[in-house]
Amino acid sequence: MATPSGKSVLFVCLGNICRSPIAEAVFRKMATDNGEVDQWRIDSAATSTYEIGNPPDHRGQACMKRHGVSMRHVARQVTKEDFMTFDHILCMDESNLRDLNKKASSVKNSKAKIELLGSYDPEKQLIIQDPYYGSDKDFETVYEQCVRCCKAFLEQHS
């Protein structure tokens, strides 16, 4: 858990079993490797209820294992409290962004800055496509995008 003066980031996608848990795990590893993990509260969540209680997709887990990134997460949905307690909510696509902005508008004390994770990509790939109906290669693409974006985000907020 972060210190009182810590920073916080919540990664969000549709189901919280593919993209956002990958981003969470990648960011946690980067923050750990930089000796900054204790300064951060890091989590991920879904805009939908489809996968609540489920572990990350097995293809995503296999991709992370190949890259030596540990991944432990149980899917959950974004809560009103998330908007009041996280500094940053980073999502994967325009649909996530719309859903989050709509939910945030009903939260009185929302403090979270809601952005596309891809807005941090030095290669300007704004959208991180859902790999759920794709192949292992699509999960690899998500991983690579998350690495680039999380690195840039961490550098800007260290």
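How much accessible surface area, in Å² rounded to 10, belongs to the heavy atoms of L126 with a 1.4 Å probe?
80
Using Cα springs under 10 Å in a Gaussian network model of the chain, which residue among R98, R76, R19 shows the largest mean-square fluctuation?
In the Gaussian network model the winner is R98.
With a cut-off of 8 Å between alpha carbons and a minimum separation of six or more residues, what is the relative contact order of the chain in percent?
Worked out over the chain, it gives 27 percent.
Can you give me the distance in nm between label points at V107 and D136, each placed 7 Å from the Cα along the Cα-to-Cβ direction?
3.8
Once you place label points 7 Å from the Cα toward the Cβ at K124 and D87, how far apart are they in nm?
The modelled label-to-label distance comes out at 2.9 nm.
Out of residues 5 or more away from I114 or on other chains, whose amide H comes under 5 Å of its own, with H placed 1.01 Å from N in the peptide plane?
Those lying under 5 Å, H to H, from I114 are I89.
For K111, list the aspartates and glutamates whose Cα falls under 16 Å from its own Cα; do not include residues on the same chain fewer than 8 positions away.
E81, D82, D87
Between N34, N101, N16, which gets the highest mean-square fluctuation from a Gaussian network model of the chain, Cα cutoff 10 Å?
N34
Could you name the lysines whose alpha carbon sits less than 26 Å from that of K108, not counting residues in the same chain fewer than 8 places away?
Cα-Cα hits under 26 Å: K7, K80.
Fully extended, how many nm does the chain gain between V37 and A152 (0.36 nm per residue separation, minus their Cα-Cα distance)?
39.8 nm is the gain from fully extending V37 to A152.
In terms of the ratio Rg/(2.2 N^0.38 Å) built on C-alpha atoms, what value belongs to the range 11-156?
0.96
The values are calculated or read from the model by the stated rules, or taken from the named source; none is laboratory data. Please read all numbers here as calculations on a predicted model, not as lab measurements. FYI the Cβ positions are ideal-geometry reconstructions off the backbone, even for glycines, and counts take in every protein chain you see. Ligands, DNA and RNA are excluded from the accessible area calculation, which covers all protein heavy atoms including side chains. Shrake-Rupley method; radii C 1.70, N 1.55, O 1.52, S 1.80 Å.
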